[in-house]
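Okay, structure first, notes after.
The values are calculated or read from the model by the stated rules, or taken from the named source; none is laboratory data. From a predicted model like this one, the values you see are computed outputs, not experimental measurements. Note that each Cβ is placed from the backbone with ideal geometry, even for glycine, and that neighbours are counted across all protein chains shown. Calculation scope for accessible area: heavy atoms of the full protein, side chains included, ligands and nucleic acids excluded. Shrake-Rupley method; radii C 1.70, N 1.55, O 1.52, S 1.80 Å.
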Amino acid sequence: MGLMNIVAQAGAEGFPIWALVLLILVVLVIAVVALRKKPVEEEKPKRAEPRDESVIPTLDPLKDREEVEEPVEITDDMSLAEIRKAKRAKAKSSEKKPKRETALEATERALAEQEADEEPEVAEEPEVEEEPEVEEEPEVEEEPEVEEEPELEEEPEVEEEPEVEEEPEVEEEPAAAAPDEEEGKSLRDGLEKTRTGFIDRLGNLFRGDTLDEDMVEQVEEILFTADIGAKIAQEILETVEESLSSEEKQDPAAVWGFIRSYCEDILRKHEQPIEFEKTSPFVMLVIGVNGVGKTTTIGKLASQLKREGKSVMLVAGDTFRAAAVDQLEVWAKRTAIPMHRGEDKADPSSVIFGGIEKGVEEGVDVIICDTAGRLHTKSNLLDELSKMARVSGNAADGAPHETVLVLDANTGQNAIAQAKLFNEALEITGVVLTKLDGTAKGGVILGICDELQAPVRYIGIGEGIRDLRPFDAEEFVDALFM
């Protein structure tokens, strides 16, 4: 309404209306422009406020680091972001609070003061390098553990002492009553099953003051079922009947003592060690069926001879079984003894000849030849064994100087049958009875001795390398009849 009044008044006064309208429009435009310009100018100061130098952060990161040069406790497991955060927090706290002395700094200061009291040289106090020694002290406690580990690493040097087998000092001791650890299993332990078998059954019959009327029948039954052989059992009974008086036959101790003495007399006749020194090289053929422990016996015997100072060579003549050759090679490597082997399925006699010939050239003291071990009932095996014996004689004068038959005590009467058949093919000069520790049929040794009339050279009473022992009749009977 006010605008209309102004226009009417201007028209009354003769002022052009169009000029007045134009003026009003100009004023309105200026007013609108003025209203829009005002808020923009008000916002500009707000944007300019952060530009204040006191608020704007510095672009140089080194300036921030200069504010955080104060010592900050940093651990190995802290990330870079955590380290920066800790330094910033340390810088802020240092502006508000006085710096607090850490335990490490207090310790360092105390050490520095103590050194200052003792030595006037203050220049050495800043040796903060010594202060880490406080931190290294726990590490020093851990270091002994690390130092103990090398000691364990040095123990393998003791493992190199498996060459103890080559050390003559330790291995000469068996001849001078070495400890049980070096002797292996005791003979008493090795014969335990036989001792608790027919020997104990016999012993129980003779524990009374007098013998029963049927005592003879009981003794006869035990002897015939003890795998000592019917022939030798009958001989024992007949000798008791003929050698003892009527009064002695009624005395259990007398009968028991006589049986023990009689068995010892039989075994003593078959006690004779091998004379390896009688010729050089000494050639030995080892025969026996598969599974009796023939190859193992060769390995143990070779190791024993080497400990005695003799040079030994092994000849793998059992070419029909690849496993036999490999097994003998294992023993050769274990005892560091040379071995001669032929091609697979090669003629055993040719391998024997080549091995003996090589041993003669190299001046070996003892040559031990493994032979084919197929079933002893096959005639071709017995013929092959005879051929090996002849061929060995062509390779070395007088060879073979020993033909050893290996028998398994577990087979009982079958061992006696094997001994009889092998003796038909070759002249057996010695017997090795193995696996006495695993059977109650150890009494079979009496029947074998009676059948072959050949000496018992060695007995096997365990799996250890020292459990192949020279046969001693008195020691054997003592361990058996205790």
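Side notes on the structure shown:
- Largest-first ordering by accessible area, 1.4 Å probe, given options M284, M339: M339, M284
- Evaluated over the Cα positions of the stretch 409-482, the convex hull gives a direction-averaged projected area, one quarter of its surface, of 5.0 nm².
- The label-point distance for A323 and E424, in a model that sets each label 7 Å from Cα toward Cβ, rounds to 2.8 nm.
- The trypsin sites (Lys or Arg not before Pro) of the stretch 335-407 meeting both criteria, a DSSP state outside H, G, I, E and B (loop) and at most 15 other C-beta atoms within 10 angstrom of the site's C-beta, are K345, R374, K378.
- Residues in the stretch 297-386 average 41 Å² of solvent-accessible surface per residue, probe 1.4 Å, ligands and nucleic acids excluded.
- Descending Cα extents along the principal axes, the stretch 270-319, whole Å: 30, 28, 18
- Prolate/oblate/rounded call for the stretch 342-482, Cα gyration tensor, a/c under 1.5 rounded: prolate
- In a DSSP loop and with at most 14 other Cβ atoms within 10 Å, the trypsin sites (Lys or Arg not before Pro) in the stretch 193-238 are R207.
- Fraction of accessible area attributable to carbon and sulfur, the stretch 325-440 (%, probe 1.4 Å): 47 percent
- The C-alpha atoms of the stretch 236-302 occupy a region whose extents along the principal axes are 56, 31, 18 Å, arranged from largest to smallest.
- Spin-label model distance (nm) - T279 vs E308, 7 Å beyond Cα toward Cβ: 1.7 nm
- Here r is the Cβ-Cβ distance between E221 and K193 and R0 is 22 Å; the resulting FRET efficiency, rounded to 0.05, is 0.65.
- Counting only Cα atoms, the size of the stretch 317-408 along its three principal axes is 36, 30, 27 Å, in decreasing order.
- Relative contact order, percent, the stretch 240-359 [alpha-carbon distance under 8 Å, six or more residues apart]: 19 percent
- Spacing of the two label points (7 Å from each Cα toward its C-beta) at D397 and S186, in nm: 4.8 nm
- Normalised convex hull volume, the stretch 177-294, alpha-carbon set, Å³ per residue: 189 Å³
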